[in-house]
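> My structure is below; once you've seen it, I'll send some questions.
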Amino acid sequence: MPVGGWPIACPLHKAQASLNRHPGSRDRSPVRAGRVRLSRGVTAMAFRRAAFIVALAGVIAGASATTALALGDGPAIASDWADLAAPREECFARGEAAIRHMDFGEIERTKYSRFASREDYTISVRCEPEKSIVLFLAAGSDRQRAHALQLNLQRNYLMEK
């Protein structure tokens, strides 16, 4: 009498065959080489591997959090914006002049921004004429100093004409 597609002659083999497969699985083949099949074809080895990866991710996350706490808070970022009525090139020229006025050294250029760094602080002017705004950013280790640099950058930009 076939059980799950397997011809079995004796009742002892019938009971053993039913233990070798998951009752709800479509796969009617018996488990081979010591691998225990869990639901939907997941093997115990794959389950252990997934559990190891999850545990490893937890250890890495814990180590990262501990390192972040040991190093202190992340960078302080100060930002503000103003309406932009000038074309992008004029915005960039005014931004570069404002940065030069603050003696931040070499100005770096991207498609939308002008920025420079000094010590552990960076200031940036980002021009968005499509949205009619200009953004003023400053980042560094101290919140009060970053805010003061951002305000100074914004004032210098708005005074340039």
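> When the residues of the range 118-134 are narrowed to those that are of a type outside the set (Val, Ile, Thr), buried (at least 16 other Cβ atoms within 10 Å of the Cβ) and in contact with a strand residue (DSSP E or B) (Cβ under 8 Å, 6 or more places away or on another chain), which ends up nearest to residue 83 (Cα to Cα)?
From the range 118-134, those of a type outside the set (Val, Ile, Thr) are 118-121, 124, 126-132; that's our starting set.
Now drop any that are not buried (at least 16 other Cβ atoms within 10 Å of the Cβ), which leaves 121, 124, 126-127, 129.
Next cut, in contact with a strand residue (DSSP E or B) (Cβ under 8 Å, 6 or more places away or on another chain) only: 121, 124, 126-127.
On the way: 121: 25, 124: 16, 126: 12, 127: 10 Å.
Filtering first and then ranking leaves 127.
> Scan the range 86-115 for residues that are buried (at least 17 other Cβ atoms within 10 Å of the Cβ) and within 25 Å of the chain's Cα centre (by Cα) and jot them down.
Of everything in the range 86-115, those that are buried (at least 17 other Cβ atoms within 10 Å of the Cβ) and within 25 Å of the chain's Cα centre (by Cα) turn out to be 114, 115.
> Does residue 96 fit the bill of being part of a helix (DSSP H, G or I) and either over 23 Å from residue 76 (Cβ atoms) or of a type in the set (A, V, I, L, M, F, W, C) (or both)? Full working, then the answer.
Values: part of a helix (DSSP H, G or I): yes; either over 23 Å from residue 76 (Cβ atoms) or of a type in the set (A, V, I, L, M, F, W, C) (or both): yes.
In short, yes.
> For the range 110-155, how many residues are out of contact with any Leu (no Cβ under 7 Å at 6 or more places or on another chain) and either among the aromatic types (Phe, Trp, Tyr) or outside the structural domain of residue 84 (by TED's automatic domain parsing) (or both)?
Final tally of qualifying residues: 2.
> How do the pairs read when you match residues in the range 98-109 that are farther than 13 Å from residue 152 by Cβ with residues anywhere that are of a type outside the set (Asp, Glu) and assigned to a helix (DSSP H, G or I), using Cβ under 6 Å and keeping only pairs 6 or more apart or on different chains?
If the second residue must be of a type outside the set (Asp, Glu) and assigned to a helix (DSSP H, G or I), the pairs left are 107/99.
> Here's something else I'd like to know. How many residues are without any contact (Cβ under 8 Å) to a residue 60 or more places away in the chain and in a strand (DSSP E or B) if we restrict to the range 110-139? Working first, answer last.
Within the range 110-139, the subset without any contact (Cβ under 8 Å) to a residue 60 or more places away in the chain is 110-136.
From the residues that got through so far, the ones that are in a strand (DSSP E or B) too are 113-118, 121-128, 133-136.
Residues flagged as without any contact (Cβ under 8 Å) to a residue 60 or more places away in the chain and in a strand (DSSP E or B) within the range 110-139 amount to 18.
> Counting only residues that are surrounded by fewer than 21 Cβ atoms within 10 Å (Cβ to Cβ) and farther than 14 Å from residue 116 by Cβ, how many does the range 135-161 have?
Count: 14.
The values are calculated or read from the model by the stated rules, or taken from the named source; none is laboratory data. Since we're looking at a predicted model, the values are computed, not measured. Because the Cβ atoms are built from the backbone with ideal geometry, glycine has one as well, and the counts that use them run over all protein chains shown.
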